[in-house]
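To start, the structure under review is shown below, and the notes come after it.
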2 protein chains.
Amino acid sequence: MTAFVLAGAQYAPRIGEVAANIDLSEHWIREAAAAGARLVVLPEAASAGYVFDDRAEAERYAEPFPGGSVHRAWSALAAELGLWIVGGVTERAGERLYNSAVLVGPHGHAGTYRKAHLWNDEQRIYDRQDDGLPVFSTPLGEIAVGICYDAWFPETFRSAALAGADLLALPANWVPVPGQPDTVPVMADMLCMTGAHSNQMYVAGISRTGTERGQEFIGRSLIAGPEGWPLAGPAGPVADELLLAEVDLIGSRPARHHNPFNQPLADRRTDLYRSGPLARP
Amino acid sequence: MTAFVLAGAQYAPRIGEVAANIDLSEHWIREAAAAGARLVVLPEAASAGYVFDDRAEAERYAEPFPGGSVHRAWSALAAELGLWIVGGVTERAGERLYNSAVLVGPHGHAGTYRKAHLWNDEQRIYDRQDDGLPVFSTPLGEIAVGICYDAWFPETFRSAALAGADLLALPANWVPVPGQPDTVPVMADMLCMTGAHSNQMYVAGISRTGTERGQEFIGRSLIAGPEGWPLAGPAGPVADELLLAEVDLIGSRPARHHNPFNQPLADRRTDLYRSGPLARP
């Protein structure tokens, strides 16, 4: 049996309070384990919060990973509870500073993804990564990781799927998008649903609640199945919430890879696509 | 003033009835003109219907374009009414047969797009095109054309935007997608909304109604603005409907190209993306 429970914890990390944030994450990781989860996805920037004034402030709370208090806490929890964790961290790597998400398993640190698409003020706080878009092999399946604004780029989902990812785990700090009407789901959720559908892949977009230094976050976490439809969520915009979905990353491969209705990976026309520089009239 | 009214006509062409379909299209084109439209988008396969038994049957109703009765009718209407038409046709080009959409303006035939991603049985009916994904320059703006299943491929939207398209006009014959829940918009509409948002481009996905040889179509036509939100529609699933939206393809360029909230074209990380063959675990 390869099916398991995937959890997403939507809550509000606190800026600059690393020890308190470790406690908060422990609460949600234990809740997920109690619900039977074998993988739990936490929000972006779960170690130290998000709305830093500048790079110097972010550096104060950044930790190496592996190494540092967050690594120790999550590794111990993953080992004790026998589960996997994907969560956002403010990462120091020598002189460099990244908005990262890490994968930790029962045997410790299993992978790090550094945000490829830096949004807005992030460009003056974090370094730009040149590491690529990794996919991590685990006993649960092939797991790609993205962070928040990465979902605005369909290439994030496509690159993951082309490398064999069964799931894109996407810690996020989604913010209100201008003009959002009540009549359709929030854009972040639609990006996760279409990204899942067009890539026949699970997507877990796990966001945060609350307001930090005037920046509102919108919650709305979502676990989408490989046909794009919600398996859990969208969560509400305000309340903390644990999302739970039974998924089968490995067992679903035959059905996903031979979907008679559509084959948006196999039917690509890579001979026709443009991907280079932008032409503007 | 570069703003104008964009129309989309959602209705039900009839299989094999080319003359009747020309009359039907004329009705909707005149309705659009009466509402002040300068561009009207018709469904996919508007000349001869969609659910052909085989290639031989499709060939019976295919016409060259330019040349043929549909070309004559749409050119005459565009000239008389001073507008532009994008509509789906079954195209014969020598020995070849295409599921195409044409652009016709006041001075006649202005461009042809042949469906790049053939869906399901289309692969045994139509030829595969090697022409690429064109963008046509018009006085209204730069217009790319896609057809139905093309929207399942984010590369369709991206390729259009990278070539400078202001609008993707997408005639469609959308069918029910398995598992569609009532709680979220139909997948086709979400693909149009996210495609518009992630490419800061207008998208007009104009579908059809009715049932043809047992194949149900779902309507749900939509005109999305460059932030992804619906400007007109989604239309209902059953009724014929004329969608109307005021758009400004050219005048909106400065705001679209310098959106302070997100820059999903400029912020791409083309150094990191995968686009080649598919790896599967």
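Just to confirm the filter: which GluC sites (Glu not before Pro) across the range A:1-108 are DSSP coil and have at most 11 other Cβ within 10 angstrom of their Cβ? Write down the numbers at each step before the final one.
Numbers: sites: A:17, A:26, A:31, A:44, A:57, A:59, A:80, A:91, A:95; in loops: A:17, A:44, A:95.
Those satisfying the criteria are A:95.
Using a label point 7 Å beyond Cα on the Cα-Cβ vector, give me the inter-copy distances for residue B:271 in nanometres, one decimal, shortest first.
With the label placed 7 Å along Cα→Cβ, residue B:271 yields 3.2 nm.
Obtain the nm distance between the two label points defined at residue A:79 and residue B:211 by a simple spin-label model: each point lies 7 Å from its Cα along the Cα-to-C-beta direction.
That separation, rounded to one decimal, is 6.3 nm.
Find every distance from the label point of residue B:96 to the corresponding label point in the other copies (7 Å from Cα along Cα→Cβ) and write them in nm, one decimal, shortest first.
Label-point separations across copies, in nm and ascending: 4.6.
Looking at the range A:1-86, which trypsin sites (Lys or Arg not before Pro) are in a loop (DSSP not H, G, I, E or B) and have at most 15 other Cβ atoms within 10 Å?
Passing sites in the range A:1-86 are A:14.
If eta is 1.567 mPa s and T is 4 °C, what Stokes-Einstein diffusion coefficient results for the range A:4-257, Kirkwood Rh from Cα pairs, in µm²/s?
Numbers: Rh = 17.6 Å.
The calculation lands on 74 µm²/s.
Only helical DSSP H runs with n ≥ 4 go in: add -39500 (n - 2.57) per run for chain A, normalise by residue count and round the 222 nm mean residue ellipticity to 500 deg cm²/dmol.
One gets -6500 deg cm²/dmol as the mean residue ellipticity at 222 nm.
Could you work out, for the protein assembly as shown, what percent of all Cα-Cα pairs fall into each 20 Å distance bin, beginning at 0 Å and stopping at the bin that holds the largest distance?
Histogram of Cα-Cα distances, whole percents per bin: 23, 51, 23, 3.
Tell me the distances, shortest first, between residue A:68 and the same position across the other copies, using label points 7 Å along Cα→Cβ, in nm to one decimal.
Ordered by distance, the counterparts are at 6.2 nm.
Evaluate the relative contact order of the range B:5-118 (contact order divided by residue number), counting alpha-carbon pairs under 8 angstrom at least 6 apart; express in whole percent.
Normalised by residue count, the contact order of the range B:5-118 is 25 percent.
Just add up the charged neighbours of residue B:159: K/R +1, D/E -1, any other residue whose Cβ is under 11 Å from the Cβ of residue B:159. Mind dumping the intermediate values first?
Numbers: positive: A:269, A:274, B:158; negative: B:150, B:155.
With Lys, Arg at +1 and Asp, Glu at -1, the neighbours total +1.
So which residue of B has the beta-carbon closest to the axis that swings B onto A, and how many whole Å away?
Reported as residue, whole Å: B:154, 2.
Return A:238, B:186, B:203 ranked ascending by Cβ neighbour count within 10 Å, so the fewest neighbours appear first. Don't skip to the end; give the middle numbers.
Working: A:238 12, B:186 19, B:203 30.
Ranked by crowding around the Cβ, least crowded first: A:238, B:186, B:203.
Counting alpha carbon pairs within less than 8 Å and at least 6 residues apart, what relative contact order, in whole percent, applies to chain A?
Numbers: 646 pairs, mean separation 54.1, N = 281.
Result for chain A is 19 percent.
For A:265-271, what's the mean count of beta carbons from other chains sitting within 10 Å of each residue's beta carbon?
Neighbouring Cβ atoms belonging to other protein chains average 6 per residue here.
Average partner chain C-beta neighbours within 10 Å, per residue of A:141-154? Display every interim value, and only then the final one.
Values: counts 1, 3, 0, 0, 0, 0, 0, 0, 4, 1, 3, 8, 10, 11.
Whole-number average of other-chain Cβ neighbours for A:141-154 is 3.
How many nm separate the modelled label positions at residue A:95 and residue A:26, each set 7 Å beyond the Cα in the direction of the Cβ?
Here the modelled spin labels are 3.6 nm apart.
For the range A:1-99, with equal point scatterers placed on the C-alpha atoms only and solvent neglected, what are the log10 I(q)/I(0) values from the Debye formula at q = 0.10, 0.11, 0.12, 0.20 1/Å, to two decimals?
Results for the range A:1-99 at q = 0.10, 0.11, 0.12, 0.20 Å⁻¹ read -0.27, -0.32, -0.38, -0.93.
Label point 7 Å out from residue A:128 along Cα-to-Cβ: which residues of the range B:249-281 have amide N under 16 Å?
B:263-273
Please arrange B:125, B:85 by counting, for each residue, the other beta carbons lying within 10 Å of its beta carbon, fewest first.
Lowest count first: B:125, B:85.
Let me know the mean shielding of B:118-127 by other chains, meaning the per-residue number of their Cβ atoms within 10 Å of its Cβ.
Shielding by partners across B:118-127 averages 1.
Any read-out appearing in this document is the output of simple, stated calculations on the displayed coordinates, not a laboratory observation. No experiment lies behind these values; they were computed from the predicted model shown. When we count neighbours, we look across all protein chains shown, and the Cβ atoms used for this are built from the backbone with ideal geometry, even at glycine.
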